[in-house]
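For reference, the structure is listed below as structure tokens.
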Amino acid sequence: MLELQTFSEKNSNYIPTADLPENFNPKVDGGDLVIFTKAEFKHFTEEINKQFAESGNADFLKATQNARYLAELDRRIKSEKSEIHKLIEV
């Protein structure tokens, strides 16, 4: 049977530690919150995996930009296909 877990001292691995803010540098890390759509996240993970495979490093800003661009291309291609389909039916 599953046991309900709560945030407590016993279960402190879910609570951020005091030293995390020191590890985060807004000038280096960007500091911006990024929210992806499902399509963008799919492209983002593919882009990150591709970058790691090629160079062993990842440029998250570039991957984010590429993911958004590719998701927009997919959306427009899908839209164009539906428009062509509507024209053929008429």
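Only the coordinates and a few stated rules stand behind these numbers; no lab work does. The model shown is predicted, which means the values in this text are computed figures rather than measured ones. Every residue, glycine as well, gets a Cβ built from its backbone with ideal geometry; the counts of neighbours run over all protein chains shown.
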(message) Just the residues that are exposed (fewer than 14 other Cβ atoms within 10 Å of the Cβ), in a helix (DSSP H, G or I) and charged (D, E, K, R), please, taken from the stretch 43-69.
(response) Lys50, Glu54, Lys62
(request) Hey, can you tell me all the residues within the stretch 41-58 that are out of contact with any helix residue (DSSP H, G or I) (no Cβ under 9 Å at 6 or more places or on another chain), within 26 Å of Arg75 (Cβ to Cβ) and charged (D, E, K, R)? (result) none
